[in-house]
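Colleague: Once you've had a glance at the structure underneath, I'll fire off some questions.
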Amino acid sequence: MSRNTCFMFSLCLFFVFAPLQAQSSEDFPINFERYSDRVLVIKGGHVYFDQIIAIASRKGLIVIDTGKAPSYTQEYRKIIEREFGRSDFLYVINTHFHFDHTDGNQVFADAKAIISHEKCPDMMRNFDRNRANFVAARQPRIAQWISQRDAAAPGSRDFLYYSDIVISNSVMVNDLTNNYILTLPSLTFRDRLTLDLGDLTLKLYYFGEGLHTGDDILIHCPEEKLLFTGDLFYKETLRCIYQPEFDADRWIDVLDEILAEEGSVDFAYDTHNGRMSGEHIALVRDYLVDLYEGLKAAKAGGLEFAEVEKMFAYDLKFTYLERSGLDPQQLRQDHAESLKILWTKLSK
Ligand SMILES: [Zn+2]
């Protein structure tokens, strides 16, 4: 057997045996943490999580995002039912259409409604139409992740990261081929939606275009002082300007509204990387406002980019971002990129 054939043979064996084990295991542990009496965070994997949130409200159970593989989500559901001692699922909320946030919807088909932004159902339909191609395209990517995992030192963060995505993607591919029922949101909104759950409230905000998929929403629970960010904000970065087309005014309006009251967000959970502080979100907002308003004024004043670069130098205006604890070198690089992109947007 050539080295290549041998590799492909191992890969086939992997797909035959590995994908069918969706229970918690040493290779893909399923853990959960109680944020509070009412909020449960369930995480599959070691470092790059397949994560869902469950909230126990007086009116029923709420689930935020449903994971990438129904086989795993079945296990997550068992944990929710066991931990809360109830199974009255009221709402599922999808933060956006991506497979790793909606594939498990079918596990909660008994909920009263699945909620999303109004753009999400069509995007999910489109994904479903292309499902076979998506699965085919994942196979070589999984093969690549296997070699990256095997090149990393066992037990290192890289090893665990690639191990997480290899195993969870293999289970997902198997599910998308054999065990997937397109389960669309049944209640959608355009701008904002408030859910009165008796003892707590969930405020849903459409975030707008230009950061992730364009159907992304933020979910704020004022009583728990928690924000759920889907794939919009991650704790490893404050950066959110990647492309010239983005809804700057909406982004700022939404963040201002969520952060209007002192202490309205203690923590924010994204869907893959663990929680970040409320201050992290406030820094994202402050930076956006400072850069956007500042550059708009500079543009109106007829300044050239060379002048703007000096006026808005990182060291002059933005070292406050280091309160995030992130690497100053990374913050400086991200700022240089964001400045250029935002200037391009304002120059159109
Ligand atoms: Zn996503």
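Colleague: Where a Cα-Cα gap under 23 Å defines reach, which lysines qualify for Lys112, not counting those fewer than 8 residues away within the same chain?
Modeller: Lys59, Lys68, Lys78, Lys203
Colleague: Under 8 Å for C-alpha pairs, at least 6 residues apart: give me the relative contact order for region 81-208, rounded to a whole percent.
Modeller: The normalised contact order for region 81-208 reaches 27 percent.
Colleague: Next question, about the same structure. Exactly which trypsin sites (Lys or Arg not before Pro) in region 21-66 are in a DSSP loop and have at most 11 other Cβ atoms within 10 Å?
Modeller: Filter output for region 21-66: Arg58.
Colleague: Would you mind telling me the antiparallel percentage of the DSSP bridges in the chain, rounded to 5?
Modeller: Counting DSSP beta bridges with both partners in the chain, the antiparallel share is about 70 percent.
Colleague: Could you give the radius of gyration (one decimal) and Dmax (whole number) of the Cα atoms in region 58-140, in Å?
Modeller: 13.7, 46
Colleague: Would you please name the trypsin sites (Lys or Arg not before Pro) within region 109-216 that are DSSP coil residues with at most 13 other C-beta atoms within 10 Å of their C-beta?
Modeller: When the trypsin sites (Lys or Arg not before Pro) of region 109-216 are filtered for loop state and at most 13 Cβ neighbours within 10 Å, Arg190 remain.
Colleague: Just Leu195, Leu176, Leu291 to compare: in a GNM of the chain, with alpha carbon springs under 10 Å, which one fluctuates most?
Modeller: In this elastic network of the chain, the residue with the biggest mean-square fluctuation among Leu195, Leu176, Leu291 is Leu195.
Colleague: Per the helix-only calculation at 222 nm, which mean residue ellipticity applies to the chain, given -39500 (n - 2.57) for every DSSP H run of n ≥ 4 and division by its residues, nearest 500 deg cm²/dmol?
Modeller: -14000 deg cm²/dmol, from helical runs alone.
Colleague: Could I ask something else about it? If you fit an axis through the alpha-carbon atoms of helix 3-17 and take the longest principal axis of the Cα set of the chain, what angle between them do you get, 0 to 90°, nearest 10?
Modeller: Tilt relative to the chain: about 80 degrees.
Colleague: Where the eigenvalues come from the Cα gyration tensor of region 45-203, what are the semi-axes √(5λ) of the equivalent ellipsoid, largest first, in whole Å?
Modeller: 30, 19, 13
Colleague: Restrict the search to region 258-347; then list the GluC sites (Glu not before Pro) that DSSP places in a loop and that have at most 14 other Cβ atoms within 10 Å of their Cβ.
Modeller: Those that pass, being in a loop and sparsely packed, are Glu261, Glu262, Glu304.
Colleague: How big, on average over all directions, is the shadow cast by the Cα convex hull of the chain, in nm²?
Modeller: If I average the Cα hull's projected area over directions, I get 19.5 nm².
Colleague: Let me ask something additional. Can you list the aspartates and glutamates whose alpha carbon is less than 15 Å from that of Lys235, not counting same-chain residues fewer than 8 positions off?
Modeller: Those aspartates and glutamates meeting the cut-off are Asp266, Asp270, Glu279, Glu322, Asp327, Asp334.
Colleague: Can you bin every Cα-Cα distance in region 233-348 into 10 Å intervals starting at zero and give me the percent of pairs per bin, rounded to whole numbers?
Modeller: Over region 233-348, the share of Cα pairs per 10 Å bin runs 13, 45, 34, 9, 0 percent.
Colleague: Only Cα pairs under 8 Å and at least 6 apart count here; give the relative contact order of the chain as a rounded whole percent.
Modeller: This gives 14 percent for the chain.
Colleague: Could you list, in their original order, any pairs among Lys119/Lys299; Lys119/Lys310; Lys225/Lys340; Lys43/Lys345; Lys310/Lys348 whose Cα atoms are separated by more than 30 Å?
Modeller: Lys119/Lys299; Lys119/Lys310; Lys225/Lys340; Lys43/Lys345
None of the figures in this text is laboratory data; all of them are computed from the coordinates on show. Because the structure is predicted, anything quoted here is derived from the model rather than measured. Please note: Cβ atoms are built from the backbone with ideal geometry, for glycine as well, and neighbour counts cover all protein chains shown.
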